[in-house]
Amino acid sequence: MISPLNMFSIGIGPSSSHTVGPMKAGLIFVNRLVTNNLLTNVIRIEIKLYGSLALTGEGHGTFLAVLNGLSGEHPKTIDPDTISSRADEIKISKKINLAKKQIIDFDYDKDLLIIKDEFLPEHANGMRFTAFDKEQQIIYSEEFFSVGGGFILDKAQFHNPLNESKKNEAIIPYPFQTAHELFNLCNKHNLRIYELVLANELVARGNNSAYDEALEIAEVMRSSTDRGLKHDGFLPGGLNVKRRAPNLYRQLIKDNLKDVSEQDQRLLAMTYAIAVNEENASFSRVVTAPTNGSAGTIPGVLEYYLNFYPNVSKDQIVEFIITAGAIGVLYKYNASISAAEVGCQGEIGVACSMAAGALTAVLGGTTLQIEKSAEIAMEHCLGMTCDPIGGLVQIPCIERNGVAASKAIDIAKLSLLENEAGKVSLDDVITTMMQTGRDMSNRYKETALAGLAVNVIAC
């Protein structure tokens, strides 16, 4: 099954679906050329970007991302400061160094095709890479789909997405795919969610590395928060959006964190989330949580928890990250975390659900209370559209992360006051979210063709 830690991916902004995913796809493609001993025969590469990737690709850095991926770069290890310069060099020189091993001619205007009026049938975020030899015969071609959160599937994997998962399910002690299965296992074996997940990870990995990986994820989240609170100025992209987090932080922090009122603590959580997403919009290092468009919500709540609850242990940080990831997996299995597929409810809504459940857990909530908080959070994000102005992950994306962080905190505290099951289960709301996304017009699903994207002048 999917590891809950796979819901978090260390990479770069501004979009997990449109930047991180396409970069990974380009890298996978050239690595397959290498593995199959085809690279030395390649004379030309053609890239076709379809649907949502084409419609908002420029603002999301998609075009830059695929060039960097083909050049052998990975979102986790790439130097964010080199993304644009490497792409510029490819455009100017009209050459690309595939996998850092094979330099070929590359005409940016002819070999990178942006197809805005066609969607591949499998998914809105589709792309096709084709390699040609000196006779202009196709050596290898593959379609990839960026399905949210930086996850990439090729065509075969898309049509059989659970094949690899089922291999692991036979050996891990506590397999689950629904909230009902997860919480029943926790109650039956008297385990917290994170204890159950760590037991699975120990078997799947053969070691205890999941604990350290969760701490690394939390540390990168905190680093991106800290950077965002210090960087004044304007965001790239042409909208002239001013960075707000540093000034908000200065106004709220006053003299000491201990002096901040409870109301201002929640405003600080909003500020932390805004800080992360301003970093994301600047092509900086962030953690998909579960996507880049929603990268600030969970770090905002985590930073709030670490700053305003005393003596937080490493175990509690791990519990926060893993519980959030386990809730995210439920959406990944049974719905979607791709705004191009279900609108922003699949990004901000899922992040809010993950954050609310995680905070409830570390504040001592029962499995019933954790489920209730995760359900409430999504219930009140149902139908949220994705209509970014200028196709950029800025308006309304950045502010939405802040609102979702504050909402998650209030929902967690509300859930801790009650220990009765709600009328709506988490599985119910996940099913409803997916149905809502299917019914939503494509114009409101990360295409920048409706809503704020057309009603507000991008200048």
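Every number in this text was worked out from the coordinates using simple rules, so none of it is lab data. Keep in mind it's a predicted model, so treat the numbers as computed, not measured. So basically every Cβ, Gly included, is an ideal-geometry build from the backbone, and we count neighbours across all protein chains shown.
Using alpha carbons only, the radius of gyration of the stretch 202-327 set against its Kirkwood radius gives Rg/Rh = 1.01. Select one label from (1) 48.6; (2) 45.1; (3) 21.4: the one whose number is mean projected area of the Cα convex hull in nm² as derived from the coordinates shown. Looking at mean projected area of the Cα convex hull in nm² for this model, the match is (3). Centroid-to-centroid, using Cα positions, the stretch 337-360 and the stretch 107-127 are 27 Å apart. Note on K76: lysines with a C-alpha under 16 Å away, same-chain residues under 8 apart excluded, are K24. Using the average count of surrounding beta-carbon atoms within 10 Å as a protection proxy, the listed peptides 285-295, 103-113, 174-184, 443-453 rank, highest first, as 285-295, 443-453, 174-184, 103-113. For the stretch 396-459, pairs of C-alpha atoms spaced more than 14 angstrom apart make up 75 percent of the total.
Here is the size of the stretch 383-432 from its Cα atoms: Rg then Dmax, 15.0, 45 Å. As a ratio to 2.2 N^0.38 Å, the alpha-carbon radius of gyration for the stretch 13-159 is 0.94. Using only Cα coordinates, the Kirkwood hydrodynamic radius of the stretch 278-378 works out to 13.7 Å.
Computed from Cα atoms alone, the Kirkwood hydrodynamic radius reported for the stretch 352-409 is 12.2 Å.
The length gained by stretching the chain between L368 and K91 to full extension, at 0.36 nm per residue less their Cα-Cα distance, is 94.2 nm. Antiparallel versus total DSSP beta bridges in the chain: what percent is that, nearest 5? Close to 85 percent.
Which semi-axes, in whole Å and largest first, does the equivalent ellipsoid of the stretch 31-85 have when worked out from the alpha carbon gyration tensor as the square roots of 5 times its eigenvalues?
Details: eigenvalues 101, 54, 17 Å².
Ellipsoid half-lengths, sorted descending, are 22, 16, 9 Å.
Between N160 and T82, the distance separating the two model label sites (each 7 Å from Cα on the Cα→Cβ line) works out to 3.7 nm. Between the alpha-carbon centres of the stretch 236-280 and the stretch 1-27 there is a gap of 26 Å. Approximating the spin labels as points 7 Å out from Cα along Cα→Cβ, the L202-to-I171 distance works out to 1.6 nm. Here Y304, Y272, Y249 are placed in order of increasing Cβ neighbour count within 10 Å, fewest first, which gives Y249, Y304, Y272. Put simply, the stretch 7-60 fits an ellipsoid with semi-axes of 25, 16, 7 Å; these come from the alpha carbon gyration tensor as the roots of five times its eigenvalues, largest first.
Were the residues from V456 through E399 laid out at 0.36 nm apart, the gain over their Cα-Cα distance would be 18.9 nm.
Paramagnetic label reach from N307 (point 7 Å along Cα→Cβ; backbone nitrogen cut-off under 14 Å): within the stretch 392-420, residues 402, 405-406.
As a quick test, which of the pairs K95/K242; K100/K155; K314/K413; K242/K314 have an alpha carbon distance above 28 angstrom in this structure? Flagged as over cut-off: K95/K242; K242/K314. Full extension of the chain segment joining D109 with N190 gains 23.2 nm, where the gain is 0.36 nm per residue of separation less the Cα-Cα distance. Coupling constants for the stretch 142-148 follow from the phi torsions by the Karplus curve (6.51 cos²θ - 1.76 cosθ + 1.60, θ = phi - 60°), and in residue order they are 8, 9, 10, 10, 8, 9, x Hz; glycine and proline get x.
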